Amino acid sequence: TPVKQFRAQPIPDDMFDHALGVPEKAPAAITDAKTPNIRKCKRKADDIVEAQAKRVALENAEEHGMTPPCNTVVQPFDLQTDARGAVKVEQWKQKLAAQEEADRKAKEFLARSSKTVYEAPFVPEPSHRGPIVPDDVRLNSDVRAEKRQEFDAMLGEKELENAEEQYRRKIEDEERDREERERLRASMVPKAQPVRHYRPVSVRPSERPLTKPTSPSFSDRITVKYQRGRTPQRT
């Protein structure tokens, strides 16, 4: 079989100008975000329901020969809180104005008049009193110092007496301990004791008869045996 020869196809000229086979994607429009007006829709529904209710009530009134009800006229509320609030606001405004006026006056510069410029200078007058003679002053600090010295001297005497008393007691205790040691040392020296003579003891035979030995009755059989009419003899 003849071999099929490969022949290359020419490349289209428009391939180099733009892409082929894939269409261009059109740009999507930008979404305009809006909040849904739920209150408006609800208000419209309420208005429709209210209108239908009024129409039905008017038809029923005409059928029964009744006067249709008139619409309610809304009047503003006259609350005491509003009156009190207005009074409070007015008082606060007056207080604020007074505070601003006081601050403004406090900032103003008020110079004081100089009296020394217009008045005569000070002239000292001679004294008619005699010379001052100092007196012997006894201060409380000196009195307290003397009392403190006397108190310290008394404390020193008491401490000296206590020291002498302690030294005397110490000497007495040492002397007492020395005497006690000498007495104990003297009492520990061994001394010979004389032989004691007691009253002589004379051994004589007993006049009592000999004891007859008997076995003790510890068994229950002996008790049962003697319960039948015999009484055991115990010694």
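In plain terms, if you count all Cα to Cα distances in the stretch 153-207 and split them into 10 Å steps from zero, the share in each step is 17, 18, 15, 14, 12, 9, 7, 5, 3, 1 percent. Looking at the square roots a ≥ b ≥ c of the eigenvalues of the Cα gyration tensor of the stretch 63-178, which shape do they give, rounded for a/c under 1.5, prolate if a/b is larger than b/c, or oblate? Oblate, since a/c reaches 1.5 and b/c is not below a/b.
Over all projection directions, the Cα-based convex hull of the stretch 120-196 averages an area of 12.5 nm². Accessible area per residue for the stretch 83-172 is 106 Å², calculated with a 1.4 Å probe on protein heavy atoms, without ligands, DNA or RNA. When the inverse distances between all different Cα atoms of the stretch 94-143 are averaged and flipped, the Kirkwood radius reads 18.3 angstrom.
Sequence-ordered 3J(HN,Hα) estimates for the stretch 184-200 from the Karplus curve with 6.51, -1.76 and 1.60 and θ = phi - 60° stand at 5, 5, 5, 6, 8, 6, x, 10, 6, 9, x, 6, 7, 10, 9, 5, x Hz, glycine and proline given as x.
Let me know the charge dipole size of the stretch 55-174 about its Cα centre in debye, to the nearest 20, where only the beta-carbon of Lys, Arg (+1) and Asp, Glu (-1) is charged. That gives a dipole near 1040 debye. Loop-located chymotrypsin sites (Phe, Trp or Tyr not before Pro) across the stretch 148-222 with a Cβ neighbour count of 15 or fewer within 10 Å are TYR198, PHE218, with loop assigned by DSSP.
The values are calculated or read from the model by the stated rules, or taken from the named source; none is laboratory data. Computed from a predicted model, the values in this text were never measured in an experiment. With ideal geometry, Cβ positions are generated from the backbone for all residues, glycine too; neighbour counts draw on all protein chains shown. When the accessible area is computed, the model is the full protein with side chains, heavy atoms only, and any ligands, DNA or RNA have been set aside. Shrake-Rupley method; radii C 1.70, N 1.55, O 1.52, S 1.80 Å.
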